[in-house]
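Heads up: the structure comes next, in structure tokens.
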Amino acid sequence: MKTYGFRQAARMERIKLTSVRTTWWLAIAAVVSMVASGVGVGLGYRSHTPIATTAQILNNSLGGAILAQLLLGALGVLLVTGEYGTGMIRSTFAAVPRRRVVLAAKVAVGGSAALMIGLVASFAGYLSGQLAIRGTAIPAASLSDGAVLRAVVLTGVYLGVSALLGVGIGAIVRHSGAAIGLLFGLMFVPTIVAGLFGEDGIAIGRFVPLLMLLNSIAVLTPTPGLFSGAVSVLVVGGYAAAAVVAGGLLLRLRDA
């Protein structure tokens, strides 16, 4: 059988990703969750007293990222575990024996697709919130403001990174249900643990993905004591890279 390199593997992964209906449903759901959050926040603040601030509208409009990160994380998981569930992974490894190349192709294709979806979802959430407050006294959040643009862009990048974390966990666990469950647990359990320490939990919270998202990334002004939005995204990217590397090592050691 003819074997393939990275370019051919990436082309195969792109075809597989776009030909599965789950991909489209998860992508649409991620965008819809952001739009729903933006619209809901905007409508809720239209009659709010006192008048909402720019930060309140922007921060809450991007709150849909809580759900969107799970949806795109699940997309990353299924990019790997879907093939194990159907047994198709054996054919993939037969065509591309170098398993690290297969994983690299999944990371490249899944990561780029998730980044694009994440950015679309983030800007959709922002625009939805701004349109919902149009005609009111609430000050608009302009993208010409560097802090506003930073929050919107970094939220989109964070969502893309969430999918890469999913790819890594999927490669480690290989079972869809267990991998998605682990992903959800890693997103929420550390947040609960950090909350148990009250104000002292800020030292832990600066390393917790969900807390970084809500207090540093998808906000106009990061909470004091936490990393900046850009650094927070890099930290989460480090988690994703570690998961992918671990998954790659296990991929070489275990049978398909």
Those residues that are small (Gly, Ala, Ser), touching a residue at least 60 places away in the same chain (Cβ under 8 Å), within 19 Å of Val157 (Cβ to Cβ) and surrounded by fewer than 22 Cβ atoms within 10 Å (Cβ to Cβ), I need them from segment 81-123; list them, please. Ala108
Residues of segment 143-156 being surrounded by fewer than 22 Cβ atoms within 10 Å (Cβ to Cβ), out of contact with any Phe, Trp or Tyr (no Cβ under 9 Å at 6 or more places or on another chain) and in a helix (DSSP H, G or I), in sequence order, are Gly146, Ala147, Leu149, Arg150
Answer yes if at least one residue in segment 22-30 is surrounded by 15 or more Cβ atoms within 10 Å (Cβ to Cβ), without any contact (Cβ under 8 Å) to a residue 12 or more places away in the chain and not aliphatic (A, V, I, L, M), and no otherwise. no
Candidate set from segment 31-48 (those that are surrounded by fewer than 19 Cβ atoms within 10 Å (Cβ to Cβ) and farther than 14 Å from Tyr126 by Cα); member that is modelled with the highest pLDDT: Gly44
By residue number, the members of segment 212-237 that are within 17 Å of Ser122 (Cβ to Cβ) and in a helix (DSSP H, G or I) are Met212, Leu213, Leu214, Asn215, Ser216, Ile217, Gly229, Ala230, Ser232, Val233, Val236, Gly237
Leu67: surrounded by fewer than 18 Cβ atoms within 10 Å (Cβ to Cβ), free of Cβ contacts under 8 Å to residues at least 40 places away in the same chain and in a helix (DSSP H, G or I), yes or no? yes
When residues of segment 157-211 are limited to those that are in contact with a helix residue (DSSP H, G or I) (Cβ under 9 Å, 6 or more places away or on another chain) and not in a helix (DSSP H, G or I), the one surrounded by the most Cβ atoms within 10 Å (Cβ to Cβ): Val208
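Just checking, which of Ala218, Ala243 is crowded, with 16+ Cβ neighbours inside 10 Å, at pLDDT 95 or above, touching a helix residue (DSSP H, G or I) at 6+ places or on another chain (Cβ under 7 Å) and closer than 30 Å to Ala104 by Cα?
One residue alone meets the criteria, Ala243.
The values are calculated or read from the model by the stated rules, or taken from the named source; none is laboratory data. Keep in mind it's a predicted model, so treat the numbers as computed, not measured. Glycine gets a Cβ as well: all are built from the backbone with ideal geometry, and neighbour counts include every protein chain shown.
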